[in-house]
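See below for the structure under consideration.
The values are calculated or read from the model by the stated rules, or taken from the named source; none is laboratory data. Predicted model, so just to flag it, every value in this text is computed and none were measured. Methodologically, a virtual Cβ is constructed for each residue, glycine included, from the backbone with ideal geometry; neighbour enumeration extends over all protein chains shown. Quick note on the areas: whole protein, heavy atoms, side chains included, nothing else; ligands and nucleic acids left out. Shrake-Rupley method; radii C 1.70, N 1.55, O 1.52, S 1.80 Å.
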Amino acid sequence: MMTSYKIPLYLDNLVFSLQKTGGGSIYWESIVKAALLDTSFDVTIFERNDSRQNEVRNKMSLEGAKRIIQSESPLRVDEFKKLDIPEDGLLHSSYFRVPKSSNIKNVCTVHDFICMNQYQGLLKAVSFYQIKKAALKASGIICISESTRRDLLNYIPEANSKQIEIIHQGYDDSSYNYDPNLKRENAVCFIGNRKSAYKNFELAVKAVARVPQVELRIIGASLNDDERNLLDEMIPGRFTNYVYPSAAEVSNIFNRSIALLYLSEYEGFGIPVLESMASGLPVIGLNISSIPEVAGDAALLLKESNVDGVVDSINSLLCESCLFEQKVSQGLKRVLDFSWSKTAAKTLDYYKYIYGSNY
């Protein structure tokens, strides 16, 4: 009796050892889960025991996959190890690892080039080396946005000979939802990393300082002393710090606010833009990097990162109800183009294409 052939698929879970949680972990979870459900693949997982420290991995089941436990060598050593794959199969590493054999088809995902924009010295050199090595050894490259693809060809022009596929990321559509019955309050939100200057937290604070009827809702880590001093000086009594709320709680905060100040000067993708729009919250951002690609016409996008532009945009959403409702409606429509299930399905289709191609 004939049996159908399955593609030997090797997935490398290293990202779960490198992160506690985050967008990279959620992206990888969507791919692993989908691969385990697709009967086209015979899935083998490479993984370290410390991957269980990752919040996303800790909730996952790998039932149906063979599991190869990595050595307990230091994590930073394992980052650079090549993976021993049999002579047939396709490898996709979550973090730029490559197969020992040059005969193995392999796919790498390039998320961004933060290393070239924000890092310095040895960290910049090592991070770029990892991306370049993986990209040039890959049979196929996934870029999470057209913006990232442009950066890839700018920094690694040799990658132009590779098969490059743009596969957008998604968002948690089970947690981020619009509730029109929730009452809007005069508040704007800032979410994410505040340590990196390119995220423009200080710009957000300065803008809110000039709109006295508005509160700033800060979502993420606890405020440090410098941040609290800045807030106490510029917007005393007009800020609230929500320390690592759940996704559903973030969506509730978004539903009760009037804008997300997403003023980042560089993003590989920008998942919070989707989460905000899915929750009926208009986005004020910069017309730069991947943000216009993700937001489309649903956001208020500024040409420059200056206080006047942010203040004018906040006031427009406060005072022009038609504009506000238009942006809510456009955002809800825009997010229909994105989901983790779509990301995963396109990725698995790409595996099949690369495995069967001559690249």
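In region 85-96, the qualifying residues are those that are modelled with pLDDT of 95 or more and open to solvent by less than 10 Å² (accessible area, probe 1.4 Å), and the one that is farthest from ILE7 (Cα to Cα) is SER93.
Residue by residue through region 318-335, note down the ones that are farther than 20 Å from VAL294 by Cα and open to solvent by less than 70 Å² (accessible area, probe 1.4 Å). Hit for region 318-335 is LEU318, nothing else.
Listed by first and then second residue, the pairs linking a residue in region 82-95 that is without any contact (Cβ under 8 Å) to a residue 24 or more places away in the chain to a residue that is of a type in the set (A, V, I, L, M) and crowded, with 20+ Cβ neighbours inside 10 Å, with Cβ atoms under 9 Å apart and 6 or more places separating them unless they lie on different chains, are LYS82/VAL98; GLU87/ILE104.
Restricting region 24-42 to residues that are free of Cβ contacts under 8 Å to residues at least 60 places away in the same chain and farther than 30 Å from GLY270 by Cβ leaves a set whose member that is surrounded by the most Cβ atoms within 10 Å (Cβ to Cβ) is ASP42. If you check SER279 against the conditions, is it among the hydroxyl-bearing types (Ser, Thr, Tyr) and either under 21 Å from the mean Cα position of the chain (by Cα) or crowded, with 20+ Cβ neighbours inside 10 Å (or both)? Yes, satisfied.
With the condition kept exactly as written, say whether any residue in region 188-210 is surrounded by fewer than 14 Cβ atoms within 10 Å (Cβ to Cβ) and closer than 30 Å to ASN106 by Cα. Among the residues of region 188-210, not one is surrounded by fewer than 14 Cβ atoms within 10 Å (Cβ to Cβ) and closer than 30 Å to ASN106 by Cα, which makes the answer no.
Which one is surrounded by the fewest Cβ atoms within 10 Å (Cβ to Cβ) among residues in region 108-143 that are in contact with a helix residue (DSSP H, G or I) (Cβ under 6 Å, 6 or more places away or on another chain) and either basic (Lys, Arg) or in a strand (DSSP E or B) (or both)? Result: LYS124.
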